[in-house]
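Scroll down for the structure; my scribbles are underneath it.
The values are calculated or read from the model by the stated rules, or taken from the named source; none is laboratory data. Just so it is clear, the model here is predicted, and its values are computed rather than measured. Methodologically, a virtual Cβ is constructed for each residue, glycine included, from the backbone with ideal geometry; neighbour enumeration extends over all protein chains shown.
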Amino acid sequence: MSAKSIISTQHHSQVFSKKQEEELSEYLKSCCLLNYGLTTVETRKLAQAYAGKNNINTPATWISNKKASTDWLTGFLKRNATLSIRKPEATSQACSAGFNEPVVSLFYDNLHNVYVKYKFQPHQIWNCDETNVPTVLPPPEVIAVKGLKQVFGLIH
């Protein structure tokens, strides 16, 4: 027997098989690509629910806390190198819904009409929206595909 044949592919305390972890990983990737990245806590709850539905033996703390441990999540992310914890862009639902071609075209049409009517000089134009009052709360970190340019998460 060669040395390679006795090397275990799974740690003795690992909860999920490689195939099950691949399923979880694919689900997290698809959620991310659908602009619904799951937070670390949601991912841990998902793992506990997945284990429960598939009758997989889990540590007692998973059952009492109703979520997987942070150690499990750390190991899961190390074993699935295509996933990482990322900070999504802070965009409100109203901003993203209102940013479409008809609305933007109307804005620039109105802006042109005002410029023509009042004949503003460049030194008379000011940006008055610099109030520094945040209208969008910072989103929580989500699990996303590594290397993805933009990451989105829903505001909960």
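Condition check: touching a helix residue (DSSP H, G or I) at 6+ places or on another chain (Cβ under 6 Å) and not basic (Lys, Arg). Does residue 14 satisfy that? Outline the logic, then answer.
Details: touching a helix residue (DSSP H, G or I) at 6+ places or on another chain (Cβ under 6 Å): no; not basic (Lys, Arg): yes.
In short, no.
Need the failing condition index for residue 112 against (1) modelled with pLDDT of 85 or more; (2) surrounded by 10 or more Cβ atoms within 10 Å (Cβ to Cβ); (3) not in a helix (DSSP H, G or I), just the number.
In the conditions (1) modelled with pLDDT of 85 or more; (2) surrounded by 10 or more Cβ atoms within 10 Å (Cβ to Cβ); (3) not in a helix (DSSP H, G or I), residue 112 misses (3) alone.
Taking the criterion of being within 17 Å of residue 28 (Cα to Cα) and either modelled with pLDDT under 90 or surrounded by fewer than 16 Cβ atoms within 10 Å (Cβ to Cβ) (or both), would at least one residue in the range 69-76 satisfy it?
Yes - at least one qualifying residue is present in the range 69-76.
For residues that are in a loop (DSSP other than H, G, I, E, B), under 19 Å from residue 23 (Cα atoms) and free of Cβ contacts under 8 Å to residues at least 40 places away in the same chain, tally how many sit in the range 49-68.
Kept after step one, since they are in a loop (DSSP other than H, G, I, E, B), are these residues of the range 49-68: 54-59, 66-68.
Filter again for under 19 Å from residue 23 (Cα atoms), leaving 54-58, 67-68.
Still in the running and free of Cβ contacts under 8 Å to residues at least 40 places away in the same chain: 54-55, 67.
Of the residues in the range 49-68, 3 are in a loop (DSSP other than H, G, I, E, B), under 19 Å from residue 23 (Cα atoms) and free of Cβ contacts under 8 Å to residues at least 40 places away in the same chain.
Output the residue which, of all residues in the range 27-52 that are crowded, with 21+ Cβ neighbours inside 10 Å and touching a strand residue (DSSP E or B) at 6+ places or on another chain (Cβ under 6 Å), is nearest to residue 71 (Cα to Cα).
Looking at residues that are crowded, with 21+ Cβ neighbours inside 10 Å and touching a strand residue (DSSP E or B) at 6+ places or on another chain (Cβ under 6 Å), I get 43.
Is one or more of the residues making up the range 115-137 surrounded by 11 or more Cβ atoms within 10 Å (Cβ to Cβ), on the phi < 0 side of the Ramachandran plot and at pLDDT below 85? Give the steps one after another, and end with the answer.
Step one: list which residues in the range 115-137 are surrounded by 11 or more Cβ atoms within 10 Å (Cβ to Cβ), which gives 115, 120, 136.
Okay, now just the ones that are also on the phi < 0 side of the Ramachandran plot, so 115, 120, 136.
So of that shortlist, the ones also at pLDDT below 85 come out as 136.
Within the range 115-137, one or more residues are surrounded by 11 or more Cβ atoms within 10 Å (Cβ to Cβ), on the phi < 0 side of the Ramachandran plot and at pLDDT below 85.
Here are some conditions: (1) modelled with pLDDT of 90 or more; (2) within 27 Å of residue 147 (Cα to Cα); (3) of a type outside the set (S, T, N, Q). Residue 32 meets all but one. Which one does it not meet?
Among (1) modelled with pLDDT of 90 or more; (2) within 27 Å of residue 147 (Cα to Cα); (3) of a type outside the set (S, T, N, Q), residue 32 violates only (1).
Restricting to the range 31-48, what's the tally of residues that are of a type in the set (Ser, Thr, Tyr) and assigned to a helix (DSSP H, G or I)?
Going residue by residue through the range 31-48, those that are of a type in the set (Ser, Thr, Tyr) are 36, 39-40, 43.
Imposing the further condition that a residue be assigned to a helix (DSSP H, G or I) reduces the set to 40, 43.
Residues in the range 31-48 being of a type in the set (Ser, Thr, Tyr) and assigned to a helix (DSSP H, G or I): 2 in total.
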